[in-house]
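Peer 1: Please see the structure below; I have some questions.
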Amino acid sequence: MMYRGFWYAEALERESALSPTLQGTVEADVCIIGGGYLGLWSAIRLKKANPKMNIVIIEQDRCGAGASGRNGGFVNNWWTKYLSLVEICGETEARRICEAADSAIDEMGEFCREHHIDAQFRKDGLLWGASNKRQLDAWLDLTTELEKYNVNPFKILSGEEIRRRSGSPRFLAGVFDPNAATIQPAFLARGLRRVAIELGVTIYEKTPMTKLERSELPIVYTEKGQIVAKKVVVAMNAWGAQFPELRRMIMVMSSDMVATAPAKDHLDAIGFSAGECVMDSRTVLNYWRNTPEGRVVFGKPLGQFAFGGKIGNLYERPSPAAKGVEAEMRSFYPQLADVPVVSSWTGPLDRAMKGLPNFGHLGGHKNIIFGIGFSGNGVGTTVFASRIIKSLVEEANDQWAHCGLVEQKMKLLPPEPFRYIGAHWVRDALVRKESLEDLDRDADFLTNILVSLAPAGYAPKKK
């Protein structure tokens, strides 16, 4: 049984429309594999620029049924990734990319208003805090560097202020970024699907790809048909790991979520009534938000890794880590002890070593384009990323086709079984170390060695 938590259930209660499955042979200018955010935004951007372009999307389930419809609903920018971007492509390009990703948040809000998508878009900013003494000033390397270029969006908050705004007594200090938002992710995904169809994009749901033939004109095979396309876009998120060229760029892992029953009066009473994204400063991140009806939705990546990138039905059930995630939530909100958790779910994300995606041509094939590695931060940034996909499809000689994230030399993860075994060791070491830090205690030597192998956190430290 497929299970995606209450986000997607709410979306299907609103509209259960299902596009037909593909049958027979279809020709297209562009075939996009994947009906999530990257595929939908790319189709919409391409179609608006080229109304006569024949664009087809195939989706193995329903549009948004993957990570796009079951994430935490954070619409963040990439200023926290600035130090990693500088390592990849230098200061000038890093700033340009961050500014583009920053602008995508307002672009999403305007798009929802223009197209009457009720995605519960609330631009109330991001609270990023320290929940123990070891996390104090976790943002300092980043903000110091951003200050040099007068682009630092983060405002220092006192412990009293972040406790007041988050409603959590655990925070000691923090910073605030006003340019962040929250959305109901499945509502957004289904809204994008509707707009794409209205623009003339053809969508086939319940149509998984069975094979991609890398001929001069690529052919996408499905169970009952095929698409012959001038260009193919692989926009499959974690499912892109089935391609050997992409597999070692990412680790397929879960993030796990719980949601409480609606308790708006409780949240109003503790001051957690606005729509901020909230998180602490761990690498195994605690992140959460409230909803307009007064739920707390809390996430943490405590769940499962996919061996060899093979997903299957691994993430189609209530979260196996729900008790651990709930325990973390209750440590931040002891005042909500009488508010029950009513739903849990999990979903795959495509975790890259630096937490940033890569774009390019699959195996060097000029007519097959990919984007992968959003690392759980793709809700807002896929809006910007669709500009890159559009330029690569159009073979444009412009700033996005030559963006610093295109054909980058990524640090690859180890082959299996070392990747799978190592991922467990490193993640467990991180959890152990960060649990000790809550007690203001140091981890042992071996734990620290394993932690040093971890991918970049939400905001990597300057080397």
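Peer 1: Given the conditions (1) out of contact with any helix residue (DSSP H, G or I) (no Cβ under 8 Å at 6 or more places or on another chain); (2) under 28 Å from residue 185 (Cβ atoms), report the number of the one that residue 144 does not fulfil.
Peer 2: Of (1) out of contact with any helix residue (DSSP H, G or I) (no Cβ under 8 Å at 6 or more places or on another chain); (2) under 28 Å from residue 185 (Cβ atoms), only one is false for residue 144: (2).
Peer 1: May I ask you to list the residues in segment 148-173 that are over 21 Å from residue 291 (Cβ atoms), outside any loop (DSSP other than H, G, I, E, B) and touching a Leu at 6+ places or on another chain (Cβ under 8 Å)?
Peer 2: Result: 157, 159, 173.
Peer 1: Please state which of the following conditions residue 253 fails to meet, knowing it meets all the rest: (1) touching a Gly at 6+ places or on another chain (Cβ under 7 Å); (2) assigned to a strand (DSSP E or B); (3) not basic (Lys, Arg).
Peer 2: (1)
Peer 1: Return yes when residue 148 is charged (D, E, K, R), in contact with a Cys (Cβ under 8 Å, 6 or more places away or on another chain) and farther than 15 Å from residue 59 by Cβ and no when it is not.
Peer 2: Judged against the criteria, residue 148 is not a match.
Peer 1: Where residues in segment 10-30 are assigned to a loop (DSSP other than H, G, I, E, B) and of a type in the set (S, T, N, Q), which of them is surrounded by the fewest Cβ atoms within 10 Å (Cβ to Cβ)?
Peer 2: Applying the first criterion (assigned to a loop (DSSP other than H, G, I, E, B)) to segment 10-30 yields 15-23.
Next cut, of a type in the set (S, T, N, Q) only: 16, 19, 21, 23.
Values: 16: 9, 19: 19, 21: 15, 23: 12.
Among those that are assigned to a loop (DSSP other than H, G, I, E, B) and of a type in the set (S, T, N, Q), it is 16.
Peer 1: While we're looking at this one, here's another question. If you scan segment 394-431, which residues turn out to be of a type in the set (A, V, I, L, M, F, W, C), assigned to a loop (DSSP other than H, G, I, E, B) and within 30 Å of residue 50 (Cα to Cα)?
Peer 2: 396, 400, 401, 403, 405
Peer 1: Of the conditions (1) buried (at least 18 other Cβ atoms within 10 Å of the Cβ); (2) of a type in the set (Phe, Trp, Tyr); (3) out of contact with any Pro (no Cβ under 9 Å at 6 or more places or on another chain); (4) more than 20 Å from residue 89 (Cβ to Cβ), residue 333 fails just one. Which one is it?
Peer 2: (3)
Peer 1: OK, next. Given the residues 434, 407, which is the only one that is on the phi > 0 side of the Ramachandran plot and out of contact with any Pro (no Cβ under 6 Å at 6 or more places or on another chain)?
Peer 2: 407
Peer 1: Inside segment 77-94, can you point out the residues that are assigned to a helix (DSSP H, G or I), in contact with a helix residue (DSSP H, G or I) (Cβ under 8 Å, 6 or more places away or on another chain) and of a type outside the set (Ser, Thr, Tyr)? Write out each step before concluding.
Peer 2: Filtering segment 77-94 for residues assigned to a helix (DSSP H, G or I) gives 79-94.
Keeping just the survivors that are in contact with a helix residue (DSSP H, G or I) (Cβ under 8 Å, 6 or more places away or on another chain) gives 79-83, 85-86, 88-89, 93-94.
Across segment 77-94, the qualifying residues are 79, 81, 83, 85, 86, 88, 89, 93, 94.
Peer 1: Got at least one residue in segment 363-376 being modelled with pLDDT of 95 or more and within 22 Å of residue 321 (Cβ to Cβ)?
Peer 2: So far as segment 363-376 goes, yes, one or more of its residues are modelled with pLDDT of 95 or more and within 22 Å of residue 321 (Cβ to Cβ).
Peer 1: Which of the residues that make up segment 289-335 are among the hydroxyl-bearing types (Ser, Thr, Tyr) and either over 20 Å from the mean Cα position of the chain (by Cα) or not in a loop (DSSP other than H, G, I, E, B) (or both)?
Peer 2: 331, 333
Peer 1: With respect to residue 141, determine if the residue is of a type in the set (Asp, Glu), in contact with a strand residue (DSSP E or B) (Cβ under 9 Å, 6 or more places away or on another chain) and either assigned to a loop (DSSP other than H, G, I, E, B) or within 28 Å of residue 442 (Cα to Cα) (or both). Steps first, please.
Peer 2: Details: of a type in the set (Asp, Glu): yes; in contact with a strand residue (DSSP E or B) (Cβ under 9 Å, 6 or more places away or on another chain): no; either assigned to a loop (DSSP other than H, G, I, E, B) or within 28 Å of residue 442 (Cα to Cα) (or both): yes.
In short, no.
Peer 1: Here is a follow-up. Within segment 45-87, track down each residue that is among the polar types (S, T, N, Q) and either on the phi > 0 side of the Ramachandran plot or more than 20 Å from the chain's Cα centre (by Cα) (or both).
Peer 2: Of everything in segment 45-87, those that are among the polar types (S, T, N, Q) and either on the phi > 0 side of the Ramachandran plot or more than 20 Å from the chain's Cα centre (by Cα) (or both) turn out to be 50, 54.
Peer 1: In segment 415-450, how many residues are surrounded by 13 or more Cβ atoms within 10 Å (Cβ to Cβ), in contact with a helix residue (DSSP H, G or I) (Cβ under 6 Å, 6 or more places away or on another chain) and touching a residue at least 60 places away in the same chain (Cβ under 8 Å)?
Peer 2: Count: 4.
The values are calculated or read from the model by the stated rules, or taken from the named source; none is laboratory data. Since we're looking at a predicted model, the values are computed, not measured. Virtual Cβ from ideal backbone geometry, glycine too; neighbours counted across all protein chains shown.
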